[in-house]
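Structure, as structure tokens:
The values are calculated or read from the model by the stated rules, or taken from the named source; none is laboratory data. Everything numeric here is computed off the predicted structure, so don't read it as measured data. Backbone-built Cβ (ideal geometry, glycine too); neighbour counts: all protein chains shown. Note: accessible area is taken over every heavy atom of the protein model, side chains too, but ligands, DNA and RNA are not part of it. Shrake-Rupley method; radii C 1.70, N 1.55, O 1.52, S 1.80 Å.
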Amino acid sequence: MAVEVTVLILSGVIAVIVIGELLIIQAREAMARSSSEPGRQQWTWDGCPRHGQSLFTEEKFGQAEKTELDAHFENLLARADSTKNWTEKILRQTEVLLQPNPSARVEEFLYEKLDRKVPSRVTNGELLAQYMAEAASELGPTTPYGKTLTKVAEAEKRLGAAERDFIHTASINFLTPLRNFLEGDWKTISKERRLLQNRRLDLDACKARLKKAKAAEAKATLWNDEVDKSEQELRVAQTEFDRQAEVTRLLLEGISSTHVNHLRCLHEFVESQTTYYAQCYRHMLDLQKQLGSSQGAIFPGTFVGTTEPASPPLSSTSPTTTAATMPVEPSVTGLAPPGETALCLEEVAPPASGTRKARVLYDYEAADSSELALLADELITVYSLPGMDPDWLIGERGNKKGRVPVTYLELLS
């Protein structure tokens, strides 16, 4: 435990150092570019021109006039900010979903920043499978417990492999596009927004100088040249501001295309998640059959569905989607308790009272002649008999009769 805490602390310290160095390098490069270009304003640490920094402060305190943007432009800015904030939150939480271990996430972050390949990591399911296999080997692979450990270990190994594929697919189809937006398109938008802010401050400064020159012109004729110069500077500043506003507007309107791209990625993420859970369902169903739980051979009631109606399956023709949403079949012990002869369905008569109507929730294919095949949304008559498994009922539809699982039915009053 102490070693893990130490590794986590060291990883966090290294991450902070790396991020700090990257930020310093980017700041130095930006300052070098701005100072090397002729005719450029000298920028301060917050991205504002030196003469505009005081103007920006005066605007905040209401001591200077500010050129306002139109309502549509302000809506585009708010929409872009909202998109960026929610994209960050969704990205971070998806990373937590795919990798709950914070130290592992820090390690992956460091490898990514250093442009190195992340080493392959054993999933929790695969590690559990390894421990179970070793336990079975040591405790006796021929004993009932050892045999069961071996079977469960194989299933857990398959689950771990499915999880690995899901994480890989989700990272490529969902996380990568979100990161590309934040590290690419959003940085471009932010840069152009800062330029627009600087152009606006230049424009407001020219307006203030022109206003001051005109006020002085009323007192003396010596300010005529200053007024002309201020008007020329104002025209130039207005032209640059309008040009930068149009560039920024086009980038902000491109957020709609970003939403379309993120929507497609979201569909792919849901599809990969559906495939993953469908694979898990099939692996566990196979394990259930291997352990004999579905026949009540080991522990009656294991993997038994509840009697409450389950959520209806997704309307899709995809076999993986259907498999992921169908309820687990309840255990079958027959119509009579163990050790007794099963009742003949032809001889079974419904009780005088106690029959009910039920609506079928899902299609059900009869496993043998003693069961009744079901179609979704049809109505059947059901009743129970003494000694029956509580997870099963007798269902009748016309002249057909057979056992039906309770989890596939919604009992009507």
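Laid out as a table, the results:
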{"read-out": "Residues LYS187 and LYS117, FRET efficiency given R0 of 30 Å [Cβ-Cβ distance, rounded to 0.05]", "value": "0.75"}
{"read-out": "Nearby lysines by direct alpha-carbon distance to LYS357 (threshold 28 angstrom, same-chain neighbours under 8 apart not counted)", "value": "LYS400, LYS401"}
{"read-out": "Shape parameters for region 356-412, alpha-carbon atoms, Rg then Dmax in Å", "value": "10.0, 28"}
{"read-out": "Distance in nm between pseudo-label sites at ALA208 and THR239 (7 Å out along the Cβ direction from Cα)", "value": "2.4"}
{"read-out": "Residue-level accessible surface for LEU128, protein heavy atoms, 1.4 Å, Å²", "value": "70"}
{"read-out": "Amide H partners (placed H, <5 Å) of GLU371, local residues excluded", "value": "ARG403"}
{"read-out": "Region 356-412, accessible area per residue, ligands and nucleic acids excluded (1.4 Å, Å²)", "value": "47"}
{"read-out": "22 Å Cα-Cα threshold exceeded, pairs from LYS113/LYS187; LYS113/LYS157; LYS66/LYS212; LYS84/LYS187; LYS66/LYS89; LYS66/LYS214", "value": "LYS113/LYS157; LYS66/LYS89"}
